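All remarks here apply to the structure that follows.
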Amino acid sequence: MRPSLQDHPIFAETYIRKVQEEDPVITMTGSIGSLETQLGSIPEDASDMAYAPGKWTVRQAFRHVIDTERIFAYRALCIARGERQVLPSFDEGDYAREANAALSGLEALKEEFLLVRRSTVALFSAFPEEIMHRSGTAGGGNVTVNALAYMIIGHWRHHAEIFRERYGLALPDDRI
């Protein structure tokens, strides 16, 4: 079930490479416990820490992760339902700036992320195998529902690595 290079825009390869598992739905379903552990390891006093001047704070990075998972899941839903319109790209910087006005506390963001992940799992679990191979146009290129599932998993893994390596947060390295 691994996506080929023709199944997603080139930028997504960064995320897809982080997923070695063969079934993204099983991987996402099994991710909830590990995700709870990882999120629970981030202390509240890290909320407004940025790893360098001009970089996102931990809360801003979480808002980005949540927004991106919602967007990728929405794209999967649209494609699964046969949408033929080109789905828009989004500028993560613009989204982050606009989200600052309503930025939640870290604990609320962690809970929101878990809710979004549970919703994403429910969405992808409802797709039959043939839906996973449907494709549409989003984010500047062709993408399949299956590739979007891999992108969701890999996007969080990418940011978990950044939290560990650049922010110095001791997130368990569970593969979720």
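Only the coordinates and a few stated rules stand behind these numbers; no lab work does. These figures come from a predicted structure and were not determined experimentally. All Cβ positions, glycine included, derive from the backbone under ideal geometry; neighbour counts span all protein chains shown.
Applied to region 34-50, the Karplus parametrisation 6.51 cos²θ - 1.76 cosθ + 1.60 on θ = phi - 60° returns per-residue 3J(HN,Hα) values of 5, 5, 4, 5, 4, 5, x, 7, 8, x, 4, 6, 8, 2, 9, 7, 10 Hz, with x for Gly and Pro. Counting only DSSP H runs of at least 4 residues, each contributing -39500 (n - 2.57), and dividing by the residue count of the chain, the helix-based mean residue ellipticity at 222 nm comes to -17000 deg cm²/dmol. Please check the chain for the longest run free of GluC sites (Glu not before Pro) that are loop-located per DSSP (anything but H, G, I, E, B) and have at most 16 other Cβ atoms within 10 Å. Counting only loop sites that pass the neighbour cut-off, the longest clear stretch is 84-176. Compactness check for the chain: Cα Rg over 2.2 N^0.38 Å is 1.01. Across all directions, the average flat footprint of the convex hull enclosing the Cα atoms of region 73-126 is 4.7 nm².
Of the Cα atoms belonging to region 66-165, the radius of gyration and Dmax stand at 14.3, 41 Å.
With the gyration tensor restricted to C-alpha atoms of region 1-85, the semi-axes of the equivalent ellipsoid amount to 28, 17, 14 Å, longest first.
Averaged across orientations, what area in nm² does the convex hull of the alpha carbons in region 1-45 project? Value for region 1-45: 4.4 nm².
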